[in-house]
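Asks: One structure follows; several queries about it will come next.
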Amino acid sequence: MMIHKLTASFGKLENETLSFHDGLNVIHAPNESGKSTWCAFIRAMLYGVDSGERVKGTYLPDKQRYAPWSGAPMEGQMELTADHCDITLTRTTRAKNAPMREFSATYTGSNVKVEGMTGANAGEQLTGVSRDVFRRSAFIEQGSVAVSGSPDLEKRINAIVSTGEEETSFTEADARLRAWQRKRRFNRRGLLPDLEDKIDSSRRLLEDMDGSAENIGAMQERYDQLRAECTRLETEVTESRKRQRRASIDTLGRGRSALSEASDAHDEAMEQLSRQRGELRQSPFGGAAPQTVEARVTRDLGRMAELKEIYKRRNSPLLMILLFLLTAAGVTLYTAFDSLAYIIAAGVFLAGAIVALARYMHARSAAADALLERRQLLKSYGAAHASELRRTLEEYRKLYAAVAAGEERERETREAYELARRRQEKLEEAALADLDFVSGSSPAARLGRELNARRAEAEKLSAQIATLKGRLSAMGDTMVLRSELGTMEEERAQLEQEYEDIALAIETLRAADEELQSRFSPELGRVAAEYMSRMTGGRYSQVLLNRDFSAMTRAQSDAVAHDSSYLSAGTLDLLYLAVRLAVCELALPEGEPCPLIIDDALVNLDETRLKQAMELLKEIAKERQVILFTCRKAE
């Protein structure tokens, strides 16, 4: 295969073209001029742009890194020769998220499509290898001279050193076997740990079921005992409550009778006292204290005695009448005898009669007043005479004494009633406490609490039994579970045997891979050593390769080979360039070789080694097209 012409709208390249010829093509250009972009474009034209790549850290996928700066669609064309046919590859972009997805391969100068060539398989058909092998062999990117292993490259190497079959890779087979192994056991994950956990769970479940059955039996026995105790206690509680109610009713009845008697006695005393007080209020003395009444009556009796004496001392009218008769006689004698003496005597008798009349009238008025006052005093007491007043006073004394006695009896009966009432209240409180069958202290209450405790315990046991039975039922049949356990144990034995077989297969595969490596690595190292020797003027004559393509080299003057970390940057680039060239020679298909694309892989070489490397590339270019992009002038 040989590339003739490129036309690109790719990254900074805006519809630019680049032509090549047979042999060695050296494209010299300064940094930032698009050399790496042309290299990436060649790879994109052969293998397409992976639209599924995503940004990872500082890494940008090609679809973003090489998006045209002008904003135009990513597209390009490649003219080449393969199998003695001129072919033109065209890739264009229809959807922005699928750059260069549209593909066509036609014979140059015509519209005839190349049969069987698609955008997905064009690179592999033209180069003979997959994208992965191409990037690790003939496509040397800037800063990526070192070869890294991959399953595709291993397949290619296996095909070379064994039967030519490219469908197998030690890495893939090893990874697949280890995946199978991890599927069966990886730390605490995998089929075996899961199955072992299930087996342990099943065993614990069986033990739990057996224990649950035993617990249910013990709990059922205790439940039956509690039910019997509850039945006995229910009878005792009923009888005890009946007795307690009867005793409380009897006690309350006796208390109510005593309270009723005390109330009746107090009511009677109150009624009698009220009647006595009414009689006392209706007496002439109006309920005053006997001492006060007695003092007033004594005083009024004395006054009536005085009034009686005044009344008794009133004058007789006889003297007044006699004097008036003497006056009349004197007047008659004077008339008859016309004597002055008779006139004087008549005047004297008349004056005496007038004085007597005045005295009589005064005494009569005083007696009338005394009689009136005495009568008023007697009337105020409702008595007709003084003796009756004395009797009334004596009766008042008795009535007042009776009221005092009534008051004393009322007080005594009232105190007795209050005492009976308080006693009844205490009896009622005691009865309420005795009839409190929940929190009381009576025997019936204690029996009730004991009954409730037994019932609660029985209900709790019943719920636990139901829960255990439900759980036991949900656990399933023990026979089925034991059968499943046996099946799982057989499966575990089978998985363990598979695990051991896979481990043996991994070891066998590793031994076979080591055998393949022992057949391939010496040849690859020999060819790489020839290239290394030619590019270093014979200084380094031996190259040793590990499985991961890490390399060591030994100078002619050194006793041992040096790891790559001990080499200078230029020597290291030459070492891996030699390995790359050896891989190309041994791993790429024979026949029409694919081009070798090199992007600034010689930048770290000095003038001498640059010249030696260029000589080697010129020789290689006789067999395959070499396209070298470099910022250094090289001839």
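The values are calculated or read from the model by the stated rules, or taken from the named source; none is laboratory data. In this text, all values refer to a predicted model and were calculated from it rather than measured experimentally. With ideal geometry, Cβ positions are generated from the backbone for all residues, glycine too; neighbour counts draw on all protein chains shown. Surface areas here come from the heavy atoms of the whole protein model, side chains and all, with no ligands, DNA or RNA. Shrake-Rupley method; radii C 1.70, N 1.55, O 1.52, S 1.80 Å.
Asks: Taking every pair of distinct Cα atoms and averaging 1/r, then inverting, what Kirkwood hydrodynamic radius in Å comes out for segment 564-635?
Replies: Roughly 12.9 Å, rounded to one decimal.
Asks: Taking residue 618 as the anchor, which lysines have their alpha carbon closer than 24 Å to its alpha carbon, excluding any fewer than eight residues away along the same chain?
Replies: Reachable lysines: 5, 35, 633.
Asks: Within segment 586-619, name every residue whose backbone N is under 16 Å away from a label modeled 7 Å from Cα of residue 568 along the Cβ vector.
Replies: The answer is 602-613.
Asks: A further question on this structure: Computing the accessible area with a 1.4 Å probe over protein heavy atoms, can you report the carbon and sulfur percentage for segment 178-277?
Replies: The computed percentage sits at 47.
Asks: Report the dimensions of segment 1-116 along its three principal axes from the alpha-carbon atoms, largest first, rounded to Å.
Replies: So the extents along the principal axes, rounded to whole Å, are 44, 34, 23.
Asks: Computing the accessible area with a 1.4 Å probe over protein heavy atoms, can you report the carbon and sulfur percentage for segment 48-93?
Replies: 49
Asks: Are there trypsin sites (Lys or Arg not before Pro) in segment 170-260 that DSSP puts in a loop and that have at most 14 other Cβ atoms within 10 Å, and which ones?
Replies: Here the sparse-neighbourhood loop sites are 188.
Asks: I would also like to ask the following. Assuming 0.36 nm per residue, please report the length gained on full extension of the stretch residue 120 to residue 95 beyond their Cα-Cα distance.
Replies: Computed gain between residue 120 and residue 95 is 7.3 nm.
Asks: How large is the accessible surface of residue 425 in square angstrom, using a 1.4 angstrom probe and rounding to the nearest 10?
Replies: About 80 Å², rounded to the nearest 10.
Asks: If packing is taken as the average number of other Cβ atoms within 10 Å across a peptide's residues, how do 460-467, 610-617 rank, most packed first?
Replies: Per-residue mean Cβ counts within 10 Å order the peptides as 610-617, 460-467.
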